[in-house]
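Written below as structure tokens is the structure these notes are about.
Values in this text are rule-based calculations from the coordinates and carry no lab data. Since the model is a prediction, treat every value here as computed from it, not as a measurement. Neighbour counts are summed over all protein chains in view; Cβ atoms, including those assigned to glycine, are modelled from backbone coordinates with ideal geometry.
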Amino acid sequence: MENVVIGPTEKSKTLQARIVSGSVVLLLGSGLTTAINLAYNIAVARFLGANGFGHATVVYTLLTLLSAVTLSFQIISTKVVAQQSSTGLQAAVYRVFHRGAWGCGILVAMVLLLFQRAIADYLNLPEADLVAMLAIGAAFYVPLGSRRGYIQGVCGFRRLAFNLVLEGAVRFGGSLLFVLLGFGVRGVIAANVAAIAAAYFSAAPRLAPRVPNPLGLSYTVREMAQAMVFFSGQVLINNCDIVLVKHFFPAQAAGIYSAVAMVGRVIFAFSSAVVNSTFPLVAGTRDEERKDLRVIATSLMLVVGIGSAISLSLCIAPAWIWRSFFGPGFEIAGRYNVSYLLAMYALTTVVYSLSVVIITYEMSYKIANTSWIQLAFSGLLIAALCRFHESLREVILVQLFLLIGLFILVALPFLMDSLTDLKDHLQAGNCRPVRLIRRVSEDEVIAEFLKCDFQCPEFREYQESMRDLVFKPNLDDAGENAKRRALLFLRHLALWRELPRGTEWYDLELSETGLGDIKVFPRAHWRKLAHGNFSITRVVEATRLRRPGIDAQFLAKIAGIGDRLKKEDSGMGSVILIGRTENEPFTVLDGNHRFVAALLESPTKLDRLRFLCGLSPRMADCCWYNTNLITLFRYARNLLAHAIHGPEMELACLLQDPENGDTVVEV
């Protein structure tokens, strides 16, 4: 699979517009998938009758219950892939999750095989080997989640939609074929297993060359734990009613309820299309943009609109339509007929879908405690259904009341936090000292760093042969990126190695009011100028007054840069900053002289410079950002550990093998 690269036109869209655009693509795919699944359910119901349909549906529902593991891998793969700044890092994190998904898939399959008889007896299934067949599908279903997560994380919404349609088409076509051949329920389950395997193999991505995994173990564990909690609650809420109805009610009533629950699956599938487009876009977006209440409102309105349209259609549809679709065995006499149950179930699903939008929205950028609330409600729902199940209507009403309570509990804290953030934003004013413009890749930052540093003596032997590589970079060429990285490391390997793994890079807009929170790089002659205070404004003032400790060579360099600022209309190069967050102080990693020269001329000259910043919550461990005995000790330890590292040899190997675009120089 080719990675999706968001171009300038796409980046210029608002987050709301991108959510709507992605949702439309996935809604079209979900619509086609839903139509195929509807045809599948109608065909299976008519051919197998209420009893056989109940058996087939509950076995598939069992697989859906196991999808807590599958969807956990999908959502975390989506989130982490979307947060990476290059295709190499995206591939690295995908490989980690894919290996873990296969391990979990095999474990789930073994558990199903071990307990197949007990599961079949509880669900009143005619044959235990139906569960054994399901185990094969489960082994593929879990790693399918990691593959779909990668596609979703790179915003490959069209490919994701195609994969969903393919799974539905194979399920429908295979079921119809096997039923006509006389295999009955067993054939339907076999078709479902084949559909999962086909979806898995068709979702195989084309990955960038291997680079070191940027994720720490603790981060991975926390994210997986959050996902497991969320999807455990979700699959229980979505499917426990079908399992319990199959246990407590006669086979025909359970079959009718399975047909009613199918409507909920349709609505939830459409709602999931909105969630699946929103999640990666919000995960890869800066805080300022995603805190806009219009973003979450866009997703909620899409879900309400879709659910309301379906619910209204069900309310006005006459009962004979369902009898024609499913057959005479799917009919309930009296006031609370199938049409009534369908409308009530649809309303219940809409309410729950709104809760899912809010929970996943929070999960896209933090560890969301609301996942635990949902899990608690899933347990409460199971207990309530075990107690109250006198009729199918009562089963649905119990779910409706409890899920309204869940929505209130997750929506109110989110709304209060959002209003607080909005109030703080308004009080801060519209003119922020620092504004993140867009995400950039580490390869682009290295290219900018190298452009401004290429005239140094360390690069003398490469200045002629590699000039175009440096000043006319092709950032889409992995081979070029590897060479530029190796070239930069000739001089700055020790500097770059201290930056935390997973540092996110951004284009930065800096106003005059934000200068007080920026420090110069704490080394060499800058220490003489700063006298312990490395603020850029303090250093500029000391330079302007020509305080003792400033040598003539330094002043001449600053003056030369100042002259170029006066004469040139184009930018002077990039100033690279590092920090923990956009709201905390920055340190200049590269570009001290350009920054000081621009401020000596006038703060209005800042628009001649491009500002890039690297953000990481672990930036305080970097000695360039936070210089103390601990960080300096870590720097010295790293120097000793990598004393034999030879960037010259790596660069020579890359230059000798120009066809090898897959080579990566590791730090």
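Highest mean first, how do 195-207, 239-251 rank when packing is the count of other Cβ atoms within 10 Å averaged over residues?
Numbers: 195-207: 17.9, 239-251: 19.8.
Ranking, from highest mean packing down: 239-251, 195-207.
In region 463-518, one over the average inverse separation of all distinct C-alpha pairs is 14.1 Å, which is the Kirkwood hydrodynamic radius. Summing charges over all other residues whose Cβ lies under 10 Å from the Cβ of L475, with Lys and Arg as +1 and Asp and Glu as -1, gives -4. Scaling the Cα radius of gyration of region 77-145 by the globular reference 2.2 N^0.38 Å produces a ratio of 1.51.
Taking amide H as placed 1.01 Å from N in the peptide plane, V575 has its amide H under 5 Å from the amide H of R610, F611, L612, each at least 5 places away in sequence or on another chain. Highest-first packing order for the peptide set 157-165, 491-499 is 157-165, 491-499, based on the mean count of other beta carbon atoms within 10 Å. With an a/c value of 1.5 or above and a/b not larger than b/c for the gyration tensor axes a ≥ b ≥ c computed over the alpha-carbon atoms, region 108-203 is described as oblate. Checked against a 27 Å cut-off, the cross-linked pairs K451/K519; K79/K472; K79/K246; K472/K557 give Cα-Cα distances beyond that limit for K79/K472; K79/K246. Could you bin all the Cα-Cα distances of region 24-88 into 10 Å bins starting at 0 and give me the percent of pairs in each, rounded to whole numbers? Once binned at 10 Å, the Cα pair distances of region 24-88 give 18, 27, 33, 16, 6, 1.
Write down the Å³ per residue value for the convex hull defined by the alpha carbon atoms of region 28-133. It would help to have the intermediate numbers written out before the result.
Working: hull volume 11.9 nm³, N = 106.
Here the figure is 112 Å³ per residue.
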